[in-house]
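Shown next, in structure tokens, is the structure this report addresses.
The values are calculated or read from the model by the stated rules, or taken from the named source; none is laboratory data. None of the values given here were measured: they were computed from a predicted structure. Note that we place each Cβ from the backbone using ideal geometry, even for glycine, and neighbour counts take in every protein chain shown. Accessible surface areas use protein heavy atoms only, side chains included; no ligands, DNA or RNA. Shrake-Rupley method; radii C 1.70, N 1.55, O 1.52, S 1.80 Å.
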Amino acid sequence: MKRHFEDLQLGSIELFCLAAEASSFTAAAQVAGVTPAAVSRSISRLEERLGSRLFVRTTRSIRLTDGGRTFFEQCRQALTQLVEAQQEMMGAQSVPSGLLRISIPTTYGHHRILPLLPKFRALYPQVSVDIHISNRNIDFVAEGYDLAIRVRAQPDSTLIARLLEDARLVVVATPSYLKRAGTPHALEDLPNHECIQYELPSNGRRISWLFQVDGKEREFAGEAGYSCSDDVLGGVTLAKHGAGLFQTYKFIVEEELANGSLVEVLQPYGGRSRPFTLLYPHGRYVPHRVRAFVDFLLEHRAEWAAL
């Protein structure tokens, strides 16, 4: 096997990462137990080998160049994997442990993932969980996430994708609204109703409602006195308080449908769904904490599909 690190020593990369994290050669030297001059020389040699500047230096501070920032994120991830691989070989990672960083959308977070986390941590108490609840896309490397869940995830060769569920869509309203405005029986009735809309925060585009008519897919994009963006749960809350009709995922309103506080309408035109997918970086080594969480969620997949 060809050697790749003969001219690029891992010790220099580690010192570079320490300096980048602390924005200081002196602080990096204290952590590494060497002199600031030794850190500076090591990083200068690294820059010479790379043929690129990693830091902008002044008499009082240092800061990463654009190229240095990219190199730092890649090196930090690589060093973390090396440490975890070493710990696994030494037996320190035989039980999943460490920090698990997850990015999940608001709907799936509140109604699927967050209720399960106490059970997961009861199984793996040495794993701590950092949850980012947002509908925006993330950069796994730059932001340091282990996993993400997304609706209608786009194909990405750098990520492993596991389908969690095709979440069924329903149109709901309160009995009081239907008594006041009437119950729609066909899609042609929708323009006569208050159809609460959800807008994408990135571009303001309204998300069309999805239906099936005689086996063919149909979309409806209505006008309404109410619209919400960023958090689709806002539309659910409006519907719960009698503002109008709203199309949402059935798993969000299961309890309300069961107790009658919300009613599903236009059922003959239902059957449409959207996929929620679990994503994590593709690589030879997947930390035990990530593998444990993936397996944990996949065990619940059959339960969700049955609902």
- Task: Return the residue satisfying two criteria in turn: it lies in region 19-39 and is open to solvent by less than 40 Å² (accessible area, probe 1.4 Å) and part of a helix (DSSP H, G or I), and of such residues it is nearest to Glu73 (Cα to Cα).
- Result: Ala20
- Task: Scan region 235-244 for residues that are closer than 22 Å to Asp166 by Cα and either touching a helix residue (DSSP H, G or I) at 6+ places or on another chain (Cβ under 9 Å) or open to solvent by 30 Å² or more (accessible area, probe 1.4 Å) (or both) and jot them down.
- Result: Val236
- Query: Across region 100-130, what is the number of residues that are exposed (fewer than 14 other Cβ atoms within 10 Å of the Cβ), assigned to a strand (DSSP E or B) and not small (Gly, Ala, Ser)?
  - Reply: 1
- Query: How many residues does region 264-283 contain that are more than 26 Å from Lys216 (Cβ to Cβ) and of a type in the set (A, V, I, L, M, F, W, C)?
  - Reply: 2
- Message: I'm trying to understand the selection: among the residues of region 181-230, which are closer than 17 Å to Gly270 by Cα, hydrophobic (A, V, I, L, M, F, W, C) and surrounded by 11 or more Cβ atoms within 10 Å (Cβ to Cβ)?
- Response: Leu187, Leu190, Cys195, Ile207, Trp209, Leu210, Phe211, Val213, Phe220, Ala221
- Message: Would you confirm whether or not region 288-299 contains a residue that is open to solvent by 50 Å² or more (accessible area, probe 1.4 Å) and over 30 Å from Tyr145 (Cα atoms)?
- Response: no
- Among the residues of region 40-68, the number that are in contact with a strand residue (DSSP E or B) (Cβ under 9 Å, 6 or more places away or on another chain) and open to solvent by 30 Å² or more (accessible area, probe 1.4 Å) is 4
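Conditions (1) touching a Lys or Arg at 6+ places or on another chain (Cβ under 7 Å); (2) of a type outside the set (D, E, K, R), marked per residue:
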position: Arg49; (1), (2): no, no
position: Ile62; (1), (2): no, yes
position: Leu79; (1), (2): no, yes
position: Ser97; (1), (2): yes, yes
position: Ile102; (1), (2): no, yes
- Task: Would you check which residues across region 236-263 are part of a helix (DSSP H, G or I) and under 26 Å from the mean Cα position of the chain (by Cα) and list them?
- Result: Val236, Thr237, Leu238, Lys250, Phe251, Ile252, Glu254, Glu255
